[in-house]
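Asks: Handing you this structure, nothing more for now.
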Amino acid sequence: MNVMKKMTLPKLLNILLPILFGILFLYVWEKNGLHYLMGLKKYQLPVPSQIAKALADNKTQLLSNARYTTAEALIGLIIGSLIGFFTAVMATVFPKWGYGGLTVLSAFNAVPIVALSPVMNNWFGMGMGSKIAVVVVTAMAAMAFNAYRGLNDLKPFSLDLMASYAATRREVFFLLRLPNSIPNILTALKISTTSSMIAAIVSEFFASYAGIGFELSNALKTAKMPLAWAYITVAAIIGIALHFIVSLVETYALKWHVSQK
Amino acid sequence: MNTPEIRIENVSMVYSDNGASVKALDNVSIDIQKGEFISLLGPSGCGKTTLLRIIGDLLQPTSGNVLVCDQTPRQTRMDQKYGIVFQSPVLFDWRTISKNIRLPLEIMKVPREEQNRRIESLLELVGLSKFADHYPHQLSGGMQQRVGIARALAIQPEILLMDEPFSALDEFTREKLNEDVLQIWSKTNKTVVFVTHNIAESVFMSDRVCVLSPHPGRLSAIVDIDLPRPRTKEMRDWPEFNALVAKIRNSFEGV
Ligand SMILES: Nc1ncnc2c1ncn2[C@@H]1O[C@H](COP(=O)(O)OP(=O)(O)OP(=O)(O)O)[C@@H](O)[C@H]1O
Ligand SMILES: [Mg+2]
């Protein structure tokens, strides 16, 4: 019992302190503390209660646009991660020419989203396709490099160990390389969930028919600040939720990992 | 005399990375009989690991010949006749202890029932039955090394190559495992090449001790250990035992 208490008290504080801090922050914001600190006018930054009202008033519109953007982000994330993973596998299995694929991906990745979005709009039109394409580009590099590291950064002698059993290349891949890369794959997914949402939203800024980024930019243009902040809030919640889901998968899949001790 | 199980003939090994070259082995020849327990003994850097890796076909010698079971080390490796214990345990972090021991058995397609039987008895042998379902990071370094030994024994290899398997262990565990390994070996009649830098350990375990000297790695003496078997703890106090230890120690001073 005593031990249990010792274990849970710091854990409880770990949860409680951020919540308390969050509440305090919202309170200060509500009471115009942030405006005072940053020298902002009231119309420049709505207070939490105004944002909450905008959230409630525009529920349907917010939800449908959130779904639109999340779909772009998730589809792009999945396609991009698959391409990235496939490239990493090729670079591992055929090191001679497969590594070239990684170089190509890193070149793509070096193009900023701001430059990529108009190009993709031009190629794939103003609908979802162009946004998905941007997300694919951002997600594939993160996956390719992390997965490649996981498939190739092996413990010393582990390849020798497999060689001593006369293991086939196939067995080395499935019994050693692939499981060794799981933590890196999850890291890549964690990075990409966040960046996918950003990529999708930023792409919608340029030209779109719908989505969080599109509506956000409209709301800003028409000075509907509480609505704009409602969209920002929705984007943040989705980002956190996706990150949380991947973290949950990670805790479950990496029971064996030192970091889970 | 029969043809030796392992024949090492004039083997030399020169490592060269970017210009600099290190002569790790210089013209080493050893014949090892089937069922023999041989130790490679010598100070750090004298080429023990290098020679072991050459025998196990994990490294190609610069010159010289190695025959194992009347064939090349490559063929012997492809026949899955080697069990190797490396200097570090090399456990797969994502596998539990029992699944780590299962790894080679899966690769060699040993029937599941038989896998379970061997894993259970080996865990018992290395005193880790309670840790079967633990992950490697939950074990101490010495415990991990014991898993590595159990894993090598699991495949009941024709030839067991061990690279300082006990160097990370405390004296108590080391001496106990010395006896355990000898006991398993006496039952199976396998050929063992055992690398160590501990003189007493090499005397206790071996039929013969190959003493290597460094820079470059040369075979400086082969000492017959004519102590009776089975070896027991008490023998460590015998005058004959200590005489052999002294003899080997002196052979180093001559270097
Ligand atoms: N991959 C390598 N590249 C270059 N030099 C090497 C390599 N491996 C070993 N050597 C050199 O070869 C010599 C013998 O090394 P080896 O690992 O066989 O020694 P050892 O007897 O096993 O030593 P220890 O007891 O410290 O394990 C050393 O001088 C070492 O620096
Ligand atoms: Mg060594």
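Asks: Using modelled backbone amide H atoms (1.01 Å from N, in-plane), which distant-in-sequence or interchain residues come within less than 5 Å of B:ASP31's amide H?
Replies: Correct list: B:ILE8.
Asks: Please compute, for peptide A:152-160, the average count of beta-carbon atoms on other protein chains lying within 10 Å of each residue's beta-carbon. Please report the intermediate quantities before stating the final value.
Replies: Numbers: counts 0, 0, 2, 6, 4, 9, 5, 2, 7.
Shielding by partners across A:152-160 averages 4.
Asks: Please report the equivalent ellipsoid semi-axes of the range B:92-156, computed as sqrt(5 x eigenvalue) of the Cα gyration tensor, largest first, in whole Å.
Replies: Largest first, the range B:92-156 gives 18, 12, 10 Å.
Asks: Could you work out, residue by residue across B:98-107, how many beta carbons of other chains sit within 10 Å of that residue's beta carbon, and then give the average as an integer? Kindly include the intermediate steps, with their values, before the conclusion.
Replies: Numbers: counts 0, 1, 0, 0, 0, 7, 5, 1, 4, 8.
The shielding value for this peptide is 3.
Asks: To the nearest 20 debye, what charge dipole does the protein assembly as shown have about its Cα centre, counting +1 at the Cβ of each Lys and Arg and -1 at the Cβ of each Asp and Glu? Let's see the in-between values first.
Replies: Working: 51 positive and 41 negative charges, 402 e Å.
With only Lys, Arg, Asp and Glu charged at Cβ, the dipole is about 1940 debye.
Asks: Report, in whole Å, the centroid distance computed from the Cα atoms of the range B:162-221 and the range B:104-149.
Replies: Each part reduced to its Cα centre gives a spacing of 22 Å.
Asks: Counting C-alpha atoms alone, how compact is the protein assembly as shown: give Rg to one decimal and Dmax as a whole number, in angstrom.
Replies: 31.9, 100
Asks: Which value, in debye to the nearest 20, gives the size of the charge dipole of the range A:46-260 about its Cα centre, when Lys and Arg are +1 and Asp and Glu are -1 at the Cβ?
Replies: Numbers: 14 positive and 8 negative charges, 17 e Å.
Charge dipole, the range A:46-260, about its Cα centre: 80 debye, nearest 20.
Asks: Rg/Rh for the range B:145-224: what does it come to with C-alpha atoms and Rh from Kirkwood?
Replies: Working: Rg = 13.0 Å, Rh = 13.5 Å.
Rounded to two decimals, Rg over Rh is 0.96.
Asks: Another question, then. Using the structure shown, list the pairs from A:LYS131/A:LYS224; A:LYS255/B:LYS99; A:LYS42/A:LYS224 with a Cα-Cα distance above 18 Å, or answer none. Mind dumping the intermediate values first?
Replies: On the way: A:LYS131/A:LYS224 25 Å; A:LYS255/B:LYS99 15 Å; A:LYS42/A:LYS224 13 Å.
Those over the limit are A:LYS131/A:LYS224.
Asks: For helix B:97-107, report the angle its Cα long axis makes with the longest principal axis of the Cα atoms of chain B; keep it between 0 and 90° and round to the nearest 10°.
Replies: It is inclined by approximately 70 degrees.
Asks: Starting at 0 and stepping by 10 Å, how many percent of the alpha carbon pairs of the range A:137-219 end up in each bin?
Replies: 17, 30, 21, 15, 10, 6, 0
Asks: Also: Does anyone have the angle between helix A:225-253 and the longest principal axis of chain A? Alpha-carbon axes, 0 to 90°, nearest 10?
Replies: Result, in degrees: 30.
Asks: Let me ask something additional. How big is D, in µm² s⁻¹, for chain B by Stokes-Einstein at 4 °C and 1.567 mPa s if Rh is the Kirkwood radius over C-alpha pairs?
Replies: Values: Rh = 18.9 Å.
My calculation gives 69 µm²/s for D.
Asks: What is the angle, in °, between the Cα long axis of helix B:141-154 and the longest principal axis of the Cα atoms in chain B? Nearest 10 is fine, range 0 to 90.
Replies: 90 degrees
Asks: Against the empirical 2.2 N^0.38 Å scaling, what ratio does the C-alpha Rg of the range A:46-260 come to? Write out the running numbers ahead of the final one.
Replies: Values: Rg = 20.5 Å, N = 215, 2.2 N^0.38 = 16.9 Å.
It is 1.21.
Asks: At a 1.4 Å probe radius, which order do B:CYS69, B:CYS46 fall into by accessible area, largest first? Display every interim value, and only then the final one.
Replies: Values: B:CYS69 30, B:CYS46 0 Å².
The ordering from most to least exposed comes out as B:CYS69, B:CYS46.
Asks: Can you pull the mean other chain C-beta count within 10 Å for peptide A:162-175?
Replies: Working: counts 4, 6, 17, 13, 11, 6, 1, 0, 0, 3, 1, 0, 0, 5.
Neighbouring Cβ atoms belonging to other protein chains average 5 per residue here.
Asks: Of A:MET126, A:MET197, A:MET38, which is the most mobile in a GNM of chain A whose springs link Cα atoms less than 10 angstrom apart?
Replies: Among A:MET126, A:MET197, A:MET38, the largest mean-square fluctuation in the Gaussian network model of chain A belongs to A:MET38.
The values are calculated or read from the model by the stated rules, or taken from the named source; none is laboratory data. Everything numeric in this text was worked out from a predicted model, so none of it was measured. Note that we place each Cβ from the backbone using ideal geometry, even for glycine, and neighbour counts take in every protein chain shown. When the accessible area is computed, the model is the full protein with side chains, heavy atoms only, and any ligands, DNA or RNA have been set aside. Shrake-Rupley method; radii C 1.70, N 1.55, O 1.52, S 1.80 Å.
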